[in-house]
């Protein structure tokens, strides 16, 4: 039962992992850790509460406490990938996505977490605060700050192009 | 009324209660700068969302699905084991003692068919060889020894392959009967034979599709490595279907 539910969440878990890590392999490693831990302590999950938030929290803790330090941390953003086929509509959209991913990767961990939970995954503030185990006021101020920094990073990138 | 950036952001994120939202909406119409800030929050949110959205459509690596559903994987393994067990039972069911009667009956059918086909030397296609094993004779034996898979004839040759015991085996379809023959000395032993699916005489479908499961199982149980290709088949024919000499 819980296994099927976790399997159904895998695409979202992967997206969350990709937002907070820097490359695909690291992200999938992190998802794997979260899934294994989630199943290992599934008795700690209270039915009726959100399974997604619970797994995000496991992932967040694994990332902060142990995984982060041993991750590859090499950039995934190959410059040639971003620069090809300029003018093509699809390529332009792709280029914009890459620019945003890159800007997100430059945020601090705290900021990247709130962006991943609220902007990328679309969790309500209350849920996001619970995942991060912080008061909701802390979440909103962190989110405002993260957005400001992100906007600045994007403006900087735009100026350089 | 002045709104903090946090409140505007919360409005853009749909997080405000009805009263607060109504207050902001009243102010927005009158204050283009305010509307601009809200629009910025919304644009950033939708851009960031769009930047990571394609990840949802990626195929989930099988290792992750397996990690999420260990029971399912265990189920699959159990199902696979059960299938192997079933196949083993099926093979046991087709072992020689029960075969005698069936084979004799089929031999008559094949015999009758080949006579209708008008083959002069086809009077006998199967016979009991040494130790009571069924061996190919006449037209069938000739086809097994001389015919390549691609060629047309009363006997259709399917796959040729080396068995685990080193002998060479070939599957065949003949007059609606499919079987497997393995070379033993100068004979073709026929360990299994069954009615071919939809295989009326002269109507040869693609070898694989016409093969009954008893024959496919027999192939599965014996085959070592890939089936022979055209060149391998040709070479085996020239060696008289004897096992490849050891290098």
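Data overview
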read-out	value
Single residue of segment B:7-26 satisfying the filter (assigned to a helix (DSSP H, G or I) and surrounded by 15 or more Cβ atoms within 10 Å (Cβ to Cβ)) that is farthest from the other protein chains (Cβ to nearest Cβ)	B:23
Odd one out for residue B:37, checked against (1) within 60 Å of the chain's Cα centre (by Cα); (2) assigned to a loop (DSSP other than H, G, I, E, B); (3) within 25 Å of residue A:154 (Cβ to Cβ)	(2)
Test: residue in segment A:33-41 that is more than 9 Å from every other protein chain (Cβ to nearest Cβ) and over 26 Å from residue A:111 (Cβ atoms)	yes
Matching residues, segment B:120-153, being assigned to a loop (DSSP other than H, G, I, E, B) and at pLDDT below 80	B:120, B:121, B:122, B:123, B:124, B:125, B:129, B:133, B:150, B:151, B:152, B:153
Hits in segment A:41-62 (condition: at pLDDT below 90 and not in a loop (DSSP other than H, G, I, E, B))	A:42, A:43, A:44, A:47, A:49
Failed item, numbered, when residue B:166 is tested on (1) farther than 15 Å from residue B:240 by Cβ; (2) assigned to a loop (DSSP other than H, G, I, E, B)	(1)
Residues satisfying the stated conditions in segment A:29-48, i.e. buried (at least 21 other Cβ atoms within 10 Å of the Cβ) and under 15 Å from residue B:60 (Cβ atoms)	A:30, A:31, A:34, A:35
Hits in segment B:45-57 (condition: under 14 Å from residue A:27 (Cβ atoms) and more than 7 Å from every other protein chain (Cβ to nearest Cβ))	B:54
Residue among B:181, B:162, B:214, B:246 that is in the same structural domain as residue B:127 (by TED's automatic domain parsing) and at pLDDT below 85	B:214
Residue list for segment B:39-67, filter: buried (at least 18 other Cβ atoms within 10 Å of the Cβ) and within 26 Å of residue A:126 (Cα to Cα)	B:41, B:44, B:45, B:48, B:51, B:52, B:55
Residue under evaluation residue A:158, criteria (1) under 17 Å from the mean Cα position of the chain (by Cα); (2) modelled with pLDDT under 95; (3) within 14 Å of another protein chain (Cβ to nearest Cβ), criterion not met	(1)
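The values are calculated or read from the model by the stated rules, or taken from the named source; none is laboratory data. What you are looking at is a predicted structure, and each value in this text was computed from that prediction instead of being measured. Counting neighbours? That spans all protein chains shown, and the Cβs are built from the backbone with ideal geometry, glycine included.
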